[in-house]
Amino acid sequence: MLSSIVALVAGQPAQAEDVHSYARLNQVSTPHLELNLTVDFEARQLKGHATYTLARHDKTTQLYLDTSDLTIERAELLIDDQWQPTKFTLGDVHPSLGRELIVDIGSVAKQVRIHYQTAPTASGLQWLTPEQTAGKKHPFMFSQSQPIHSRSWIPIQDSPALRLTYNATITTPKGLLAVMSADNSLSDERPGTYEFAMPQPIPPYLIAIAAGDLAVKSISENVAVFAEQYILEDAAWEFADTPAMIETTEAMYGPYRWDRYDLLILPPSFPFGGMENPRLSFITPTVVSGDRSLVNLIAHELAHSWSGNLVTNASWRDLWINEGFTSYVENRIMEALFGERRANMELALGYQDLLDDMERLKPQDTVLNIDLGTRHPDDVFSQVPYVKGQLFLVYLEQKFGRDMFDKFLRQYFEDFAFQSISTEQFKKYLKRQLLDKQPDTVTMSKINEWLHEPGLPEDAPKPTSDAFTQVEQQMQRWLKGGQLQTDKWTTHEWLHFINNLPLDISANNMARLDREFNLTNIQNSEIAHAWLKLAIVKKYEPARERLRSYLLTIGRNKLVSPLYRELAKTSDNLKWAREVYQQAKPGYHPLTQTVNEALLYGDN
Ligand code: BES
Ligand code: ZN
């Protein structure tokens, strides 16, 4: 109550401020964008212009945009159907937010156009030489805009509280294909100019582009895979269950609202597992394992079509609204399609990752509605918004029962469709639509504990898995010299096994494991990661060369940074890691570079 009075007096909007954007959405917003860009691989730049439709909410004559590392050439206004030059100024460089761009928009113009080019160092783009691709003949580029990197390739009101539609004309060298988070064509032609439309309003961090020597293969009528030829068939096989995932999610949470759902397989330097760019999820090739064991990633990115893309976090303090809901929905999809045993194992693996992260985080950074200040959201990335957020929803599901909770969620996706929502808005909605309907089940103070206190509430769900209990029993027998029965083990059991081996395991037992199961050379990227991390801790030298080649060929940050973090703990390993890093660096994405340089050269 007090805060809303203060807000009124100050003339501020009712919604929570987004401290990570210079945009002043309550004065003027930009509901539509027309992009016209040329992809210049030689200069490693995007060049062209962005045109915005203006929606004026007060008498302001200035538009505040976010930029980072952009060169602004000129700005124009559309007045009486004529483009006329207008003044602009750039603010000082802020280390995490970039620079504000203030454009004079007068009081009558309905459109504004910015001519600009990106820097080769743009934080939201990666440029790969032909040698860095699998095909070796053509270059490749892609964007990763979430959370605040759109501003490094488009001057934009870069806040997730904004929603905009977009059209784009993209020019590439002939023979290459450009794709976007929009209506991609399945045609085989590669004319070098491509038109896109995204008619549904999306937040700016979901604008995405990639260009390269891409081929396409349909999985079903509305699902296709885009990839370099070398992995196209394997990826189409790996992700064959995607159409069933869509049907399952629709049955639980309402219609899929984005028309097609395609997958783009990126080069191994893609810094994330996946990114939920609408209509076209971006996917790491490291989940194409040949046994469909890592397809929860697809369930996750698909789930964002409801949680995140349809109902969006209003600021990066509310990231759990995207990732916690999505992790919950992901696990429900996995349960519906592959059964409770697998879903439980995945939840238990996530829980262990959460506990590991919470151990190294400051208590205040384990809060769901986190206080970021103006820190860069990338610097605070952890499992907290994912798994703690997911456990919060599992908790509510257990308290209210699945039927009631499913109905609540379905209605939530309907009521907030194409809107951005803050933690405070969610709390009000939750109280009205769930807590008050069945009083004395969960108190508001319990909700506040989940959302605003560090750590986990005492009565938080503690995920367990029968399958993992059996793995632990086998481990005990094996440690005493017995045999392991692993023929029925999936990737999940192996991960649990390796992650829970006693840290005083003998060198002899390490070698014995490797001899029997060839773990050093295993091709599954997640199992290899777990094994290599243990090998560093245990100083198991036979894995050294494999560790080097792993770090040189994979750039997915979740798979490489825990290895560098472990290596940085001893001076010999740190020296070795720095050498490997310098060799790997040209192939790493800017995000992977920043995070790992902090680990190897930072003062922490
Ligand atoms: N949207 C995220 C990636 C992201 C989050 C980028 C925040 C930048 C800021 C994506 O959906 C994601 O969560 N990917 C995970 C998938 C995993 C949890 C299955 C990943 O990349 O590991
Ligand atoms: Zn996600």
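The values are calculated or read from the model by the stated rules, or taken from the named source; none is laboratory data. These figures come from a predicted structure and were not determined experimentally. We place every Cβ from the backbone using ideal geometry, glycine too, and count neighbours over all the protein chains shown. Note: areas computed on protein heavy atoms with side chains; ligands, DNA, RNA excluded. Shrake-Rupley method; radii C 1.70, N 1.55, O 1.52, S 1.80 Å.
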Looking at Glu579, Glu566, which one is acidic (Asp, Glu), over 24 Å from the mean Cα position of the chain (by Cα), modelled with pLDDT of 95 or more and assigned to a helix (DSSP H, G or I)? Glu579
Which of the numbered conditions does Phe226 fail, given that it passes all the others? Conditions: (1) open to solvent by less than 10 Å² (accessible area, probe 1.4 Å); (2) of a type outside the set (Gly, Ala, Ser); (3) under 22 Å from the mean Cα position of the chain (by Cα); (4) over 28 Å from Asn167 (Cβ atoms). (4)
So Leu552 fits all but one of (1) under 25 Å from the mean Cα position of the chain (by Cα); (2) open to solvent by less than 50 Å² (accessible area, probe 1.4 Å); what number is the exception? (2)
Across segment 284-334, the tally of residues that are aliphatic (A, V, I, L, M), more than 12 Å from ligand 2 (Cβ to nearest atom) and either out of contact with any helix residue (DSSP H, G or I) (no Cβ under 7 Å at 6 or more places or on another chain) or over 18 Å from Phe416 (Cα atoms) (or both) stands at 7
Just give me the residues in segment 577-601 being open to solvent by 40 Å² or more (accessible area, probe 1.4 Å) and farther than 23 Å from Phe140 by Cα, in sequence order. Arg578, Glu579, Glu597, Ala598, Tyr601
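Matching residues to (1) of a type outside the set (Gly, Ala, Ser); (2) within 23 Å of the chain's Cα centre (by Cα):
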{"site": "Gln117", "(1), (2)": "yes, no"}
{"site": "Thr129", "(1), (2)": "yes, no"}
{"site": "Gln146", "(1), (2)": "yes, yes"}
{"site": "His149", "(1), (2)": "yes, yes"}
{"site": "Thr169", "(1), (2)": "yes, no"}
{"site": "Met180", "(1), (2)": "yes, yes"}
{"site": "Asp183", "(1), (2)": "yes, yes"}
{"site": "Gly192", "(1), (2)": "no, no"}
Cβ-Cβ distance below 6 Å, separation of 6 or more or different chains: which pairs start in segment 242-265 with a residue that is within 19 Å of Glu414 (Cβ to Cβ) and end on one that is of a type in the set (Val, Ile, Thr)? Thr248/Ile333; Thr249/Ile333; Tyr256/Ile246
State whether one or more residues within segment 136-152 are open to solvent by 30 Å² or more (accessible area, probe 1.4 Å) and polar (S, T, N, Q). no
Of the residues in segment 358-384, how many are within 21 Å of Glu17 (Cα to Cα) and aliphatic (A, V, I, L, M)? 5
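Listed here are the residues, each with its yes/no results for (1) in a helix (DSSP H, G or I); (2) within 14 Å of ligand 1 (Cβ to nearest atom); (3) modelled with pLDDT of 95 or more; (4) hydrophobic (A, V, I, L, M, F, W, C).
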site: Phe282; (1), (2), (3), (4): no, yes, yes, yes
site: Ala299; (1), (2), (3), (4): yes, yes, yes, yes
site: Leu302; (1), (2), (3), (4): yes, yes, yes, yes
site: Ser305; (1), (2), (3), (4): no, yes, yes, no
site: Asn322; (1), (2), (3), (4): yes, yes, yes, no
site: Ser327; (1), (2), (3), (4): yes, yes, yes, no
site: Glu330; (1), (2), (3), (4): yes, yes, yes, no
Would it be correct to say that Ala348 is away from ligand 2 (no atom under 16 Å from the Cβ), more than 12 Å from the chain's Cα centre (by Cα) and closer than 22 Å to Val384 by Cβ? yes
All positions within segment 248-278 that are more than 12 Å from ligand 1 (Cβ to nearest atom), open to solvent by 20 Å² or more (accessible area, probe 1.4 Å) and assigned to a loop (DSSP other than H, G, I, E, B): Pro255, Tyr256, Arg257, Asp259, Arg260, Pro268
Every pair of residues 6+ apart whose Cβ atoms lie under 7 Å, when the first sits in segment 115-138 and is outside any loop (DSSP other than H, G, I, E, B) while the second is charged (D, E, K, R): His115/Glu73; His115/Arg74; Tyr116/Glu73; Gln117/Lys47; Trp127/Arg44; Pro130/Lys136; Pro130/Lys137
Among residues of segment 376-388 being part of a helix (DSSP H, G or I) and either aliphatic (A, V, I, L, M) or over 17 Å from Leu599 (Cβ atoms) (or both), the residue modelled with the lowest pLDDT is Val380
Checking Gly373 against (1) assigned to a helix (DSSP H, G or I); (2) closer than 26 Å to Thr592 by Cβ, only one condition comes out false. Which one? (1)
